[in-house]
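Presented below is the structure to which this report refers.
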Amino acid sequence: MPIKGRIAVEQVLGWNASGKDREQMNVSTPAVVVDLDIAERNIRRMADVVRSAGIRHRPHIKTHKSVYFARKQLEAGCAGITCAKLGEAEVMAEAGIDDILIAFPIIGADKQERLFRLAQHTQVTCVADSLEAAVSVSQVGERLQRTIPLYIEVDGGIGRCGRQPGQDTAEFALQICDLPGIEVVGVLSYAGQIYAEQSREDIREMAKQEACLLKQSADMIRANGMTLPVVSGGSSLSSKFAQDLDGVTEVRAGNYLFHDVGQLSMGMVGVEDCALRVVTTVVSTPAPGRAIIDAGSKTLTTDTMPFSKGYGYIVEHPEIEIFKLNEEHGFLRYPPELSVRIGQQLTIIPNHACVIPNLCDEVLGVRDGEVVLSIKIDARGKSS
């Protein structure tokens with residue numbers, strides 16, 4: 001699979017720097033494994049970067065959906081966690097994690113009831129970009145006879161959710177600030193378009209733009225007499241430039257824990273930084289230059305990346321392309337002179353690591369190529 005031309009061959013080979021196939025791992029494939037030494041190093045690095053910038057980190061657990069890794073992040077000094085959905089928050093709260101941002105609108109009577117039960121024993125912060133969502137949270141706060149902290153979501157540029165930056169956000173803050181069951185404490189955005197940038201400097205500039213828009217919106221709200229202590233932004237890419245995030249007080253990086261082809265193909269990380277891998281076995285070689293592996297769309301994500309081909313990066317043989325996925329089969333093509341044999345194990349860095357844990361009940365923690373523990377994906381499937 002071609003990788004955008006910034007990474008030297010000796011860098012991208014990682015575990016396979018000698019050019020030889022590694023020994024087969026003693027796992028039943030397909031298996032999702034996490035190199036714990038790499039993951040823990042990634043946690044420490046991000047903690048150091050944001051701490052040095054005076055920014056707190058509230059990591060997004062949708063990447064790993066596991067209590068094990070959430071606790072590792074909190075032990076490194078993270079200030080609470082971010083959940084994509086109520087279901088994730090419920091699982092994390094049950095495990096004793098007590099400071100949770102739910103970065104998704106609470107819409108519907110069923111969600112209100114679940115939020116009420118959750119907020120009875122957990123410190124929960126919510127988001128809103130509409131009067132309906134703000135009222136929904138406010139009604140829960142009234143039932144609790146206290147206010148629930150609320151962030152106003154600002155469109156970071158991908159048109160997904162959020163008020164428009166600036167005046168629209170400031171006017172919305174005034175519209176909802178007197179609702180009895182909430183306290184507007186911050187603004188939040190996600191500038192996902194940063195993953196389409198093509199150079200480190202372009203990524204840095206996009207990070208600065210995200211911070212600038214958020215700060216402008218926050219300052220306009222403050223100019224109306226409101227106290228707004230939190231400015232929350234920062235993806236795993238932009239958080240790498242925490243020193244440039246002027247005005248941002250909190251970042252919510254998630255993917256940084258594992259990394260994947262998304263950042264690898266941009267030259268932002270090397271293979272040695274990618275903690276999550278899929279170990280797969282070649283099960284058929286139907287024609288010269290063609291092979292089938294036992295990892296398909298139920299193991300690997302079908303997400304594609306703008307700067308790479310196929311559905312993952314094969315560590316041992318980067319020239320192999322995973323060009324097609326069925327549910328249980330992955331289709332490989334490669335130069336016919338390359339020797340690929342039935343029974344051979346291959347190691348894949350997925351295109352988008354955040355999807356992979358939600359496809360399995362557990363991931364295997366490894367150190368020095370040996371499995372040392374099984375990590376439960378506690379919030380698997382908790383998408384409501």
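The values are calculated or read from the model by the stated rules, or taken from the named source; none is laboratory data. Values in this document were obtained by computation on a predicted structure and should not be read as measured data. As a convention, Cβ positions derive from the backbone with ideal geometry for all residues, glycine included, and neighbour counts pool all protein chains shown. These area figures cover heavy atoms from the full protein model, side chains too; ligands, DNA and RNA do not enter into them. Shrake-Rupley method; radii C 1.70, N 1.55, O 1.52, S 1.80 Å.
Heavy-atom accessible surface of residue 277, to the nearest 10 Å², is about 0 Å², with a 1.4 Å probe and all protein chains retained. Relative to the longest principal axis of the Cα atoms of the chain, helix 167-176 runs at roughly 60 degrees. The magnitude of the dipole of the chain, with charges of +1 and -1 set on the Cβ of Lys/Arg and Asp/Glu and taken from the Cα centre, is near 180 debye.
Rolling a 1.4 Å probe over the protein heavy atoms gives the chain an accessible area of 41 Å² per residue. Extending 7 Å from Cα along the Cβ direction at residue 164 and again at residue 337 yields two label points whose distance is 5.9 nm. The residue list 270, 295, 46 was ranked by how far each Cα lies along the charge dipole of the chain toward its positive end, using unit charges on Cβ atoms, and 295 comes out on top. The range 149-169 and the range 27-100 have Cα centres spaced 25 Å apart.
Projecting the Cα atoms of 165, 317, 285 onto the dipole axis of the chain, where Lys and Arg carry +1 and Asp and Glu carry -1 at the beta carbon, places 285 farthest toward the positive end. Per the Cα gyration tensor, the chain maps to an equivalent ellipsoid with semi-axes of 40, 22, 17 Å, ordered largest to smallest. Toward the positive end of the charge dipole of the chain, with +1 on the Cβ of Lys and Arg and -1 on the Cβ of Asp and Glu, the farthest Cα among 96, 59, 177 is that of 96.
Note on the range 207-305: with neighbouring protein chains present and a 1.4 Å probe, carbon and sulfur make up 50 percent of its accessible heavy-atom surface. In terms of distances greater than 26 angstrom between alpha carbons, the cross-link table entries 111/240; 62/240; 65/208; 65/298; 208/309 yield 111/240; 65/208; 208/309. So what's the angle, to the nearest 10 degrees on a 0 to 90 scale, between helix 131-144 and the longest Cα principal axis of the chain? That helix lies at roughly 70 degrees to the long axis. In this view, the solvent-accessible surface of residue 281, computed with a 1.4 Å probe and all protein chains in place, comes to about 30 Å².
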